[in-house]
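One structure is given here, and the rest of the page talks about it.
The values are calculated or read from the model by the stated rules, or taken from the named source; none is laboratory data. Here the structure is a predicted model, which means the values were calculated and not measured. Glycine gets a Cβ as well: all are built from the backbone with ideal geometry, and neighbour counts include every protein chain shown.
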Amino acid sequence: MTVKEKIDALVEELGNVGIVPVIKLDKVENAVKLAKALRDGGINCAEVTFRAAGADKVIRAMTEAYPDMLVGAGTVLTCEQADAAYAAGAKFCVAPGLNPKVVKHCLDKGIPFAPGLSSASEIEQALELGLDFAKFFPAEQAGGLPYIKSVCGPYTTMRFMPTGGVTADNLNSYLSYKKIVCCGGSWIVPAKLLDAEDWAGITKLCREAIDKMLGFEMVHVGLNCADAQEAERVADEFDTAFGFAKKVGNSSVFASTYVEMMKKPFKGTNGHIAVATYSVKRALYQLKLRGFEADESTFKYNAEGVLNVAYLKHEFGGFAVHLVLKH
């Protein structure tokens, strides 16, 4: 696999995760406990920064305990640090700035590298070095999402991982833009919880961040009817009882936006439940971690090629469940 192929594969994985915790861990002996806390919260990823001594040992401990975990090295400022991180099992390296010497060294050795950028000139340097994925740092201080959108006009192939000032409150604003692969941040693993060795607290923050990122919301229930006549009859009943106006479509009849009567039995023993999310792709990744498989034969994509509909294989109380992209 070429280094470009490795970077593209990394971008795909990071895009599924959405959130990359930036970790400064001083106690190597806590590495596996922290990795478990992240995984239990739905984040199977970490950027272990070399701002703490023994970062390579932390990386090694995490990757040996959980070989499938996407562990990278952060604040990689020298070729020696990059080599140590890669030897320890790091799947990628990240830096706060762009050092051409370190970038070339990593790419020559097949190490996916994401330098930190905050200007058009640095983007051009990255492109010249053969990179199309980079950290945007410090994100908020350097202009945030408006700046990223503006530079993506002339630099159409660049993809970014904003880090610095990203929080639970602005995470979804960043992730809503198609050129942003994921966001990095330390708010999920604050020093206070690390010092207290509060692994349950870290897991809770991870789960809260994931839930907020996905924004799950039930939008309607679908009922399997025997035929079109029954579908319209049931829709009329909802209208008479609750004022849910009937809207007849090709394959179903809606009562307002709340209930969908299928003109013939479809997915699910009794029908289906539609759940909206900010990202169907990320939602399916998380649901797989939770034990729920997707039915790939049901996937639908919008005009931009974004997955916007997907059913799960599992039934909930006799109802199939499908995810739909929030507008």
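Residue by residue, here is whether (1) touching a strand residue (DSSP E or B) at 6+ places or on another chain (Cβ under 8 Å); (2) at pLDDT 95 or above; (3) on the phi > 0 side of the Ramachandran plot; (4) crowded, with 19+ Cβ neighbours inside 10 Å holds:
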site: Q229; (1), (2), (3), (4): no, yes, no, no
site: E237; (1), (2), (3), (4): no, yes, no, no
site: A241; (1), (2), (3), (4): no, yes, no, no
site: G249; (1), (2), (3), (4): no, yes, no, no
site: H272; (1), (2), (3), (4): yes, yes, no, yes
site: R282; (1), (2), (3), (4): no, yes, no, yes
site: F292; (1), (2), (3), (4): yes, yes, no, no
site: V324; (1), (2), (3), (4): yes, yes, no, no
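Within region 95-124, work out how many residues are under 25 Å from M1 (Cβ atoms) and out of contact with any Phe, Trp or Tyr (no Cβ under 8 Å at 6 or more places or on another chain). Residues flagged as under 25 Å from M1 (Cβ atoms) and out of contact with any Phe, Trp or Tyr (no Cβ under 8 Å at 6 or more places or on another chain) within region 95-124 amount to 9. Flag: T63 does not match the condition of being closer than 27 Å to S176 by Cα, in the same structural domain as N170 (by TED's automatic domain parsing) and of a type in the set (S, T, Y). Scanning region 148-162 for residues that are under 19 Å from E128 (Cβ atoms), more than 18 Å from the chain's Cα centre (by Cα) and either not assigned by TED's automatic domain parsing to the domain that holds G185 or not in a loop (DSSP other than H, G, I, E, B) (or both) turns up just one, V151.
A single member of K27, K4, K33 is of a type outside the set (S, T, N, Q) and at pLDDT below 95, and it is K4. Filtering region 3-25 to residues that are farther than 22 Å from S173 by Cβ and in contact (Cβ under 8 Å) with a residue 40 or more places away in the chain leaves V3, K4, K6, I7, L10, E13, I23, K24, L25.
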